[in-house]
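K.L.:
Okay, handing you the structure first.
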Amino acid sequence: MTIANKVVVITGAGSGIGRATALHLGSLGAKVVLGARREREIAEVAGRIRADGGAAEYRVTDVTQAEAVKALVAQAMERFGRLDVMINNAGVAPLSRLDEGKLTEWEATIDVNLRGVLNGIAAALPAFGTGGGHIVNVVSTAGLKIVPTMGVYAATKNAVRTLTEALRQESTTGLRVTEISPGFVATNLGDSMPEGPIKEAMAARMKEIALPAEAVAKAIAYAIDQPPEVEIGSIVIRPTVQD
């Protein structure tokens, strides 16, 4: 099986990398099931895919709620009869220095970026059954180079990197596991940042060097498109000029 006809669930699919991935996989013939908190956005993405002759479903999904993610996977199973790929993409980045003590923002970051991925894994593995399936976790280069204001965000991404490797080593039934680490990408991830100099600096840097989200979508498609016996464990994709 190539990408065509694969059933793919994508969280955080209303914008940024998730949206670009949904559109790209949909154009290649995948049957995509989109989850995100804002219905208007995922409905628009699903509509575009259908208008181009593709297959797409969507469901409003808060990845911090395990039952909501289970329901998203269940919709894929009910509509298309199986699940082939789970892309855990939803994320937030309310950056701040640790001495600012922004506990509420930190808790939200952990809930979405880490708990959300765990909920995705827990929902997908039973749906895969035995003998196949593919988990793709979107991580970040922020976990590879630690810089001020990104401590909590990077910590969640490194936790997901650790989980991804643990899942890979635990898998003995043909499950493939991939982590994608994007660098600066032109997305609206900065919307989760509070107004201030950190957000302004990040926006300026993204405007200067950021990759289009479609570049990451193509990297994800590359990992999915490999033969069943080939696992792409890790992809780092960033602008050539990013330090």
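The values are calculated or read from the model by the stated rules, or taken from the named source; none is laboratory data. Quick caveat, the model's predicted, so the values are computed rather than measured. Here Cβ is always computed from backbone atoms with ideal geometry, including for glycine, and neighbour counts include all displayed protein chains. Keep in mind that these areas ignore ligands, DNA and RNA; they rest on the heavy atoms of the full protein, side chains included. Shrake-Rupley method; radii C 1.70, N 1.55, O 1.52, S 1.80 Å.
K.L.:
From Arg79, Arg59, Arg48, which residue is part of a strand (DSSP E or B) and either crowded, with 24+ Cβ neighbours inside 10 Å or modelled with pLDDT of 95 or more (or both)?
P.N.:
The unique qualifying residue is Arg59.
K.L.:
Could you check segment 66-86 and list, in sequence order, the residues that are in contact with a His (Cβ under 9 Å, 6 or more places away or on another chain) and among the hydrophobic types (A, V, I, L, M, F, W, C)?
P.N.:
Across segment 66-86, the qualifying residues are Val85, Met86.
K.L.:
Filter the helices (runs of 4 or more DSSP H) completely within segment 88-188 down to those with at least 1 residues that are out of contact with any Leu (no Cβ under 6 Å at 6 or more places or on another chain) and within 23 Å of Lys218 (Cα to Cα).
P.N.:
Hits in segment 88-188: 116-128, 151-170.
K.L.:
Take the residues of segment 121-137 that are open to solvent by 10 Å² or more (accessible area, probe 1.4 Å) and β-branched (Val, Ile, Thr): which is nearest to Val160 (Cα to Cα)?
P.N.:
Checked segment 121-137; the qualifying residue nearest to Val160 (Cα to Cα) is Ile121.
K.L.:
I'd like the full set of residues that are open to solvent by 30 Å² or more (accessible area, probe 1.4 Å) and free of Cβ contacts under 8 Å to residues at least 24 places away in the same chain, limited to segment 146-158.
P.N.:
Ile146, Val147, Ala155, Asn158, listed by residue number.
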